[in-house]
1. Quickly run through region A:1-56 and pick out the residues that are of a type in the set (D, E, K, R) and facing chain B (nearest Cβ under 8 Å).
2. Pairs only if they're at least six apart or on different chains, beta carbon under 6 angstrom, first in region B:358-383 and within 14 Å of chain A (Cβ to nearest Cβ) and within 23 Å of A:GLY57 (Cα to Cα), second of a type in the set (Ser, Thr, Tyr) and surrounded by 18 or more Cβ atoms within 10 Å (Cβ to Cβ); list them, first residue then second.
3. Could you tell me how many of the residues in region A:208-241 are more than 8 Å from chain B (Cβ to nearest Cβ) and either assigned to a loop (DSSP other than H, G, I, E, B) or closer than 30 Å to B:ALA122 by Cα (or both)?
4. Failed condition for B:THR96, given (1) in contact with a strand residue (DSSP E or B) (Cβ under 9 Å, 6 or more places away or on another chain); (2) of a type in the set (Ser, Thr, Tyr); (3) surrounded by fewer than 24 Cβ atoms within 10 Å (Cβ to Cβ); (4) at pLDDT 95 or above, with all others met?
5. Of all residues in region B:266-320, which are among the polar types (S, T, N, Q), surrounded by fewer than 23 Cβ atoms within 10 Å (Cβ to Cβ) and in contact with a strand residue (DSSP E or B) (Cβ under 8 Å, 6 or more places away or on another chain)?
6. Tell me the residue from A:ALA179, A:ALA145, A:ALA161 that is surrounded by fewer than 21 Cβ atoms within 10 Å (Cβ to Cβ) and closer than 22 Å to B:MET255 by Cα, please.
7. In this structure, is B:ALA244 crowded, with 16+ Cβ neighbours inside 10 Å, within 13 Å of chain A (Cβ to nearest Cβ) and among the small types (Gly, Ala, Ser)?
8. Using the structure shown, decide if B:GLY290 is farther than 19 Å from B:VAL201 by Cβ and touching a residue at least 12 places away in the same chain (Cβ under 8 Å).
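The values are calculated or read from the model by the stated rules, or taken from the named source; none is laboratory data. Model, not experiment: these values are computed from the prediction. For neighbour counting, all protein chains shown are included, and Cβ atoms are generated from backbone atoms with ideal geometry for every residue, glycine included.
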Protein chains: 2
Amino acid sequence: MSLTERARELDATDPLADRRTLFDLDDSVVYLDGNSLGAPPRSVAERMEEVVRHQWGRRLIRSWGEGWWTAPERVGDRIAPLVGAAPGQVVVGDSTSANLFKALVAAMRLASGRDEIVVDAATFPTDGYIATSVARLTGAVIRPAPLDSLGLNENTAVVLANQVDYRTGRAYDVGAITAQAHDAGALMLWDLCHSAGALPVDLDAHGVDLAVGCTYKFLNGGPGSPAFLYVPTRLQASFDQPLAGWNGHSEPFAMSQEFEPSSGIARGRCGTPDILSLLALDAALDVWDGVTIAEVRAKSLALTGFFLDCVDELVGSRVSVVTPRDSSRGSQVSLACDGAREVMDQLIAREVIGDFRPPNVLRFGFAPLYGRYADALRAAQTLAQVLG
Amino acid sequence: MSLTERARELDATDPLADRRTLFDLDDSVVYLDGNSLGAPPRSVAERMEEVVRHQWGRRLIRSWGEGWWTAPERVGDRIAPLVGAAPGQVVVGDSTSANLFKALVAAMRLASGRDEIVVDAATFPTDGYIATSVARLTGAVIRPAPLDSLGLNENTAVVLANQVDYRTGRAYDVGAITAQAHDAGALMLWDLCHSAGALPVDLDAHGVDLAVGCTYKFLNGGPGSPAFLYVPTRLQASFDQPLAGWNGHSEPFAMSQEFEPSSGIARGRCGTPDILSLLALDAALDVWDGVTIAEVRAKSLALTGFFLDCVDELVGSRVSVVTPRDSSRGSQVSLACDGAREVMDQLIAREVIGDFRPPNVLRFGFAPLYGRYADALRAAQTLAQVLG
């Protein structure tokens, strides 16, 4: 069967094919950058209109008591099943970097006596920057280590790792690495930016201690939409975070001078939540109703697998495949080639939108809710043309 | 002249009267809570539609290079003239609490050797909570002090004060208090949440060292819209803040492992900016085009003064006036009475919307861009009815 025939058949039998109609995405565009900015669900524009004109315009300040104040926990509970968390353990707000800061300082306070923060050597840079800042404030020491060889020891307080490597697309085993951390007596903090909404995470099942993630990639919350923080119930009472603003207070409107943290996940909150962005995210999460992460993962592997087949056949040795060919990959395929930055510019000019990451990587992200096999084929065909 | 005649004449001759048409606010509502959540400028709903449907939906990831990435500084430059700052010194993003955290840690690093943080004793609580958290991380000591009697000494590192007391509505002299801090060799950090957009601040003229403020009160940015941080040019090179995420890096897309802060105000950034909220704020700021803060202040004093006259005549001794009667007041009037919480509930049920603050304060905020003298009169009339 030709690649064209395979693409047609795969799209025709795709159980998630109807989800694409929930997105406001031009048919002419091959959008393979949902791992950086997810496409807009159609419900978002309408919801924003409702929030601005009705909730803000008509109800004014009263809306704070009509759903706004508790939105960080309520939207968190909608993300929870996507990352394998029971309700009451995920809160939405602030950026991933700010949540990493909260989680890392809290981890250092939990791990008294130990002073080493082990950071995934291939981490997305902000994790390392924030870890360095936390180390400076808490007297900890940073040790970068490859996830294949962490070298944990009796001094390791916490391990900070990314489930999916943002550059290579390699996916790591959350259960196995969490177990390693626990065996060494350390806490495990996962950054789920490149996996939430694309891969099973199973935070509760693996006994993960802390996690953060963004919502603007595979969760389609919109540009810079608020991030999430996971603190399991068992650690909430001892979760002692440094961005302890009035929103994390047990009685914020008592306006008391002493800070008394909320008893639940709300203690992960800091300042007043960004309601427009938060409710845009809330609307965007509607696309997950009735979908399981297992289905999403199955399609993700099929899509990226088919793309690899197309690349092998149409592009061949003009690129090297960076992403693992076995199932230890996230929902992206990274290809390395010379002049990658210019190659990506030319792909984008032809409406095949992926992105470039230094030094020489072309990234193609596949969002299973709106990605099509025909897109994978056209991307490989266009890449072959561009490479000449 | 009766109060009714005065209200009519004042509204008829109000040079800012036409601004109200820029807001999407029901005529039937007396909205006096713009000091908590500003009313929506009409431009916001339309801009959100444009941002979601066009910028996000059609341009997708490309929008980051078409205005999104630099929005925190660009929108900051629109707020700058409203707080008396030259361009390049204000950045927008994160919450007020998060920006306070950045500013206070940076202040402690600038003030090496001194370890006392003096906090306005009547501060909005989050400032005290965040200062306490910073003290714990940096080894500093907190000393609450009334702004009338700061008792600064050779150990004071930084003074954190609110220009307007959120409860009483009293406004403080930014120049005089800043000079006191500087005379003691301390840094001055202002919280402008209750003054930005309502009172002159003149940050540059007074040589203020650091400032933060929210944008959802008198700046009408929307519920929980991103806050701003002011760092004057002279301090930017030494502004060393702890939420040093990838957005504050000098070359964020180089994805380097070492953090090298941006040379300008962008080093105040942390994670990816919340674009929907940020561009809603951008649209909301259009209402300031062609308005000076001096005009706003003049109307604010006239409005609150007229409201005090109405209260004196119609309500009399059933309430006590908490806000100063001279010009040392912000753009709100606070009245104390027994059962204030229930009184406010009844006012709101009659579409006179202010708010309650413990223990016994009714707050009436007057936003000069959309507040009317007729509103002030109706609020006092309704209050008189409610108090029976």
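1. So in region A:1-56, the residues of a type in the set (D, E, K, R) come out as A:5-6, A:8-9, A:11, A:14, A:18-20, A:24, A:26-27, A:33, A:42, A:46-47, A:49-50, A:53.
A:ASP24, A:ASP26, A:ASP33, A:GLU49, A:ARG53, listed by residue number.
2. Close Cβ pairs satisfying both conditions: B:ARG363/B:SER334.
3. At the first step, the residues of region A:208-241 found to be more than 8 Å from chain B (Cβ to nearest Cβ) are A:208-213, A:215, A:217-221, A:228-241.
Then keep just the ones that are either assigned to a loop (DSSP other than H, G, I, E, B) or closer than 30 Å to B:ALA122 by Cα (or both); that gives A:208-209, A:215, A:217-221, A:231-232, A:237-241.
Counting residues in region A:208-241 that are more than 8 Å from chain B (Cβ to nearest Cβ) and either assigned to a loop (DSSP other than H, G, I, E, B) or closer than 30 Å to B:ALA122 by Cα (or both) gives 15.
4. (3) is the only condition that B:THR96 fails.
5. B:SER320
6. Numbers: A:ALA179 fails: closer than 22 Å to B:MET255 by Cα; A:ALA161 fails: surrounded by fewer than 21 Cβ atoms within 10 Å (Cβ to Cβ).
Checking each option against the conditions leaves just A:ALA145.
7. Details: crowded, with 16+ Cβ neighbours inside 10 Å: yes; within 13 Å of chain A (Cβ to nearest Cβ): yes; among the small types (Gly, Ala, Ser): yes.
Here the answer is yes, as B:ALA244 does meet what is asked.
8. Numbers: farther than 19 Å from B:VAL201 by Cβ: yes; touching a residue at least 12 places away in the same chain (Cβ under 8 Å): no.
So B:GLY290 fails the test.
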